[in-house]
Amino acid sequence: MIKLFKTLKPYRLAILAVLVLVFLQSMGDLYLPTLMSDIVDEGIVQGNRSLIWKIGGLMLLVAGGGALCSVIASFLSAKVAAGFGKDTRSRMFNHVENFTLHEFDKLGTASLITRTTNDITQVQTVLTMMLRMMIGAPMMMIGGIIMAVSEDAKLSLIFVVVIPVLVGVILFIGMRGLPLFKAIQVKLDKLNLVLREHLTGIRVIRSFNRIEHENRRFSEANRDLTDTAIKVNKIMAGLMPIMMLVMNFSMIAILYFGGLRIDDGNLRVGSLMAFIQYAMQIMFSLIMVSMMFVLIPRASASALRINEVLDMQPEIIDPTQSELQKTATATHEDGRDGLRGFVEFDNVSFSYPGAEQPALSGISFNARPGEVTAIIGGTGSGKSTLLSLIPRFYDVNEGTVRVDGVDVRDMTQEELRNKIGYIPQKAVLFTGTINENIRYGKEDATEEEILHASRVAQAFDFVSAMKDGFESEIAQGGNNVSGGQKQRLSIARALIRKPEVYLFDDSFSALDFKTDAKLRAALKSETTESTVLIVAQRVSTVMDADRIIVIDDGEVVGIGNHRELLNSSEVYREIVSSQLSEEEIA
């Protein structure tokens, strides 16, 4: 947690103010028993009413000042903690934005959500209490001991026995609770994962009548979390009774030995009352510390999980400014400044982390502006993987991927992706209007541009038929539109930015043949100056492409147009014959 709290520098003035206010409140609380002792010994015993009124008024003033300090300190500590939570969430979100797909796979979406929400909230809650209790409690305990010793040093020897017992109990229970709190956060990840899969896959679950199975999965994860929570709470539940037991025995000892000292004339009644108040303050300060020990282990476990994310460095990073300048100079000297959208793979190989076999091996080809390059192959052959190397979702292990003659690793990710219009295999829409979803590709797009992009993507007709047209709301995950409609809106989103390179990752799979043909015809006139790469399963989608690349088991086994590949590539012939009749092939 200390590492996280280093980010509190912007709030140092507010924290300083909290420290000062808590100090003043503690001093006021420590002063009140002394004033009460004076009222009893100097006022009540001696019948001095004016002194009683005078000291009583002072007590009211001190109590009122302490209450005011407490209110302001609580407000400032809550403000600091809320600001810390906001800043940490933003910092974590921005850091995760730079992760590669490998880092996402490694941590898991459900875990990242838990760490960004629940874990940060745990640390934020503890910070609020720390600013109030972890500072106020030591002040009260140390000050109470000093004041109690000043009242009666011999009677204060009771604390020599009591305080080590209380501290030992707190440490013992805290050490036993910490591992369990860590386990709770991991099991909360598991529960979130099961819940997320259930909610996103509800259609599949219902269609296969697997509701009971999912209920059992959720119940198991829920029971596991509950059992661990009960176990840790049983441990923590013993803390308060033990504290109260020790405190009550301490009071008995103070009253017994204090009464003896009053009989001997070594202690006055008012001083004993003040001593009891100081003892209560010392005990309650330790109880506050024990309450912190209930929360700190869980917050500590959460802080470790937050730091694990923040310390994880993305595998893909942008080149430095000097490297960018060298690349710009080399590109200018090569005379490649005029290139727009030229994509080149030069002996590229790539393996997923931990995989036994490479996903791609020795891939070499180029895709030129104004041409359509199609990639086809069997399931799992590496088509989508190949496409994901261009926007640098992953970095190649060997070889080079170039865009406009420049290695993609020598560009900033923002510069590279500004050149690309990407339509993923699984169409993704965001909550909001259709207008907002299309404008996602270009924030300052005009209404005319939106209408044009939707017409080219064959989305205009079905959008216009909706009740609110382009202002129609898209539900979470785009569940209120069909798969084909989602694909067309995703294509419109890419078209509106007019990129140098279009990447269609099996983006026509949900379209009927008629819409597919109309869309490809419209794209021809729209992408005359851009490079188009299409990954597809359908032969009908790729047969008109200028160049078709056939991939099998991660290797290029054929390059050419439809007619050339029919004659030269056995893999391509097998794919064609499995989809088209003899008449269609002829």
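The values are calculated or read from the model by the stated rules, or taken from the named source; none is laboratory data. Quick caveat: nothing in here was measured; it's all calculated off a predicted structure. Glycine also receives a Cβ, built like all others from the backbone with ideal geometry; neighbour counts cover every protein chain displayed. When the accessible area is computed, the model is the full protein with side chains, heavy atoms only, and any ligands, DNA or RNA have been set aside. Shrake-Rupley method; radii C 1.70, N 1.55, O 1.52, S 1.80 Å.
Take the conditions (1) within 27 Å of the chain's Cα centre (by Cα); (2) closer than 14 Å to ALA301 by Cβ; GLY174 misses just one of them, which is (1). All conditions in (1) touching a residue at least 24 places away in the same chain (Cβ under 8 Å); (2) more than 25 Å from THR385 (Cα to Cα) hold for GLN485, with the sole exception of (2).
Note on region 403-443: residues that are hydroxyl-bearing (Ser, Thr, Tyr), open to solvent by less than 40 Å² (accessible area, probe 1.4 Å) and closer than 23 Å to SER507 by Cβ amount to 1.
Taking ASN480, is it over 29 Å from ILE316 (Cβ atoms), under 31 Å from the mean Cα position of the chain (by Cα) and surrounded by fewer than 19 Cβ atoms within 10 Å (Cβ to Cβ)? Answer is yes for this residue. Considering only residues of region 27-57 that are in contact with a Phe, Trp or Tyr (Cβ under 9 Å, 6 or more places away or on another chain) and among the small types (Gly, Ala, Ser), which is nearest to TYR278 (Cα to Cα)? Only one residue fits best here, namely SER37.
The residues of region 263-274 that are surrounded by 14 or more Cβ atoms within 10 Å (Cβ to Cβ) and part of a helix (DSSP H, G or I), listed by number, are VAL269, GLY270, SER271, LEU272, MET273, ALA274. Within this structure, PHE93 fails the test of being of a type in the set (A, V, I, L, M, F, W, C), over 21 Å from VAL20 (Cα atoms) and not in a helix (DSSP H, G or I).
For the condition modelled with pLDDT of 80 or more, out of contact with any Asp or Glu (no Cβ under 9 Å at 6 or more places or on another chain) and open to solvent by 50 Å² or more (accessible area, probe 1.4 Å), THR125 qualifies.
Quick one: what pairs do we get from region 331-359, first residue under 18 Å from SER388 (Cα atoms) and of a type in the set (Val, Ile, Thr), second modelled with pLDDT of 55 or more and open to solvent by 70 Å² or more (accessible area, probe 1.4 Å), C-beta under 9 Å, 6+ apart or different chains? Going by the 9 Å Cβ cut-off, the qualifying pairs are VAL343/ARG368; VAL348/ASN397; VAL348/GLU398. Taking the conditions exactly as written (within 22 Å of ILE2 (Cβ to Cβ), modelled with pLDDT of 90 or more and either open to solvent by less than 10 Å² (accessible area, probe 1.4 Å) or of a type outside the set (Val, Ile, Thr) (or both)), does ARG91 satisfy them or not? It is true that ARG91 is within 22 Å of ILE2 (Cβ to Cβ), modelled with pLDDT of 90 or more and either open to solvent by less than 10 Å² (accessible area, probe 1.4 Å) or of a type outside the set (Val, Ile, Thr) (or both). For the structure I just gave you, tell me whether MET240 is of a type in the set (A, V, I, L, M) and loosely packed, with under 13 Cβ neighbours inside 10 Å. Considered against the rule, which asks whether it is of a type in the set (A, V, I, L, M) and loosely packed, with under 13 Cβ neighbours inside 10 Å, MET240 comes out as no. Go through the residues of region 154-170 one by one and say whether even a single one is open to solvent by less than 60 Å² (accessible area, probe 1.4 Å) and within 28 Å of the chain's Cα centre (by Cα). No, region 154-170 contains no residue that is open to solvent by less than 60 Å² (accessible area, probe 1.4 Å) and within 28 Å of the chain's Cα centre (by Cα). I'd like to verify a number: residues in region 168-217 that are in a loop (DSSP other than H, G, I, E, B) and either in contact with a Cys (Cβ under 9 Å, 6 or more places away or on another chain) or at pLDDT 85 or above (or both), how many? Qualifying residue count for the region: 2. Taking the criterion of being within 30 Å of THR88 (Cα to Cα), assigned to a helix (DSSP H, G or I), at pLDDT 75 or above and open to solvent by 20 Å² or more (accessible area, probe 1.4 Å), would at least one residue in region 281-288 satisfy it? Looking for residues that are within 30 Å of THR88 (Cα to Cα), assigned to a helix (DSSP H, G or I), at pLDDT 75 or above and open to solvent by 20 Å² or more (accessible area, probe 1.4 Å), one finds at least one in region 281-288, hence yes. Only one of the listed residues (THR385, THR400, THR446) is open to solvent by 10 Å² or more (accessible area, probe 1.4 Å), within 30 Å of MET466 (Cβ to Cβ) and over 25 Å from the mean Cα position of the chain (by Cα). That residue is THR446. The residues listed here are GLY441, GLY484; of these, the one that is modelled with pLDDT under 90, of a type outside the set (A, V, I, L, M, F, W, C) and part of a helix (DSSP H, G or I) is GLY484. Screening SER300 against (1) open to solvent by less than 50 Å² (accessible area, probe 1.4 Å); (2) assigned to a helix (DSSP H, G or I); (3) modelled with pLDDT of 75 or more; (4) closer than 23 Å to ASN98 by Cβ leaves a single unmet condition, (4).
Counting only residues that are among the β-branched types (Val, Ile, Thr) and outside any helix (DSSP H, G or I), region 487-502 holds 2 of them. Please verify whether region 120-143 includes one or more residues that are in a helix (DSSP H, G or I) and closer than 30 Å to PRO424 by Cβ. Yes, that holds for at least one residue. Of all residues in region 1-27, those that are under 21 Å from SER285 (Cα atoms) have Cβ atoms under 6 Å from Cβ atoms of residues that are hydroxyl-bearing (Ser, Thr, Tyr), 6 or more apart or on another chain, in VAL18/SER77; GLN25/SER70. Applying a threshold of 6 Å to beta carbon distances and a minimum spacing of six or more residues, or different chains, the list of pairs starting in region 286-302 at a residue that is more than 21 Å from ILE120 (Cα to Cα) and ending at one that is modelled with pLDDT of 75 or more and among the polar types (S, T, N, Q) is empty. Taking region 389-429, which residues are modelled with pLDDT under 90, touching a helix residue (DSSP H, G or I) at 6+ places or on another chain (Cβ under 9 Å) and polar (S, T, N, Q)? If the condition is that a residue be modelled with pLDDT under 90, touching a helix residue (DSSP H, G or I) at 6+ places or on another chain (Cβ under 9 Å) and polar (S, T, N, Q), then THR412, GLN425 are the ones that fit.
Taken over region 462-477, the residue count meeting the criterion of being open to solvent by 90 Å² or more (accessible area, probe 1.4 Å) and among the polar types (S, T, N, Q) is 1.
Of all residues assigned to region 94-114, none qualifies as being of a type in the set (Val, Ile, Thr), under 20 Å from THR128 (Cβ atoms) and open to solvent by 10 Å² or more (accessible area, probe 1.4 Å).
Annotation: of all residues in region 34-88 being free of Cβ contacts under 8 Å to residues at least 24 places away in the same chain and outside any helix (DSSP H, G or I), the one that is most open to solvent (accessible area, probe 1.4 Å) is GLN46. Would you confirm, using the coordinates I've provided, whether ALA494 is in contact (Cβ under 8 Å) with a residue 60 or more places away in the chain and open to solvent by less than 10 Å² (accessible area, probe 1.4 Å)? The answer is yes for ALA494. Scanning region 1-22 for residues that are in contact with a helix residue (DSSP H, G or I) (Cβ under 9 Å, 6 or more places away or on another chain) and open to solvent by 90 Å² or more (accessible area, probe 1.4 Å) yields ILE2, LYS3, PRO10.
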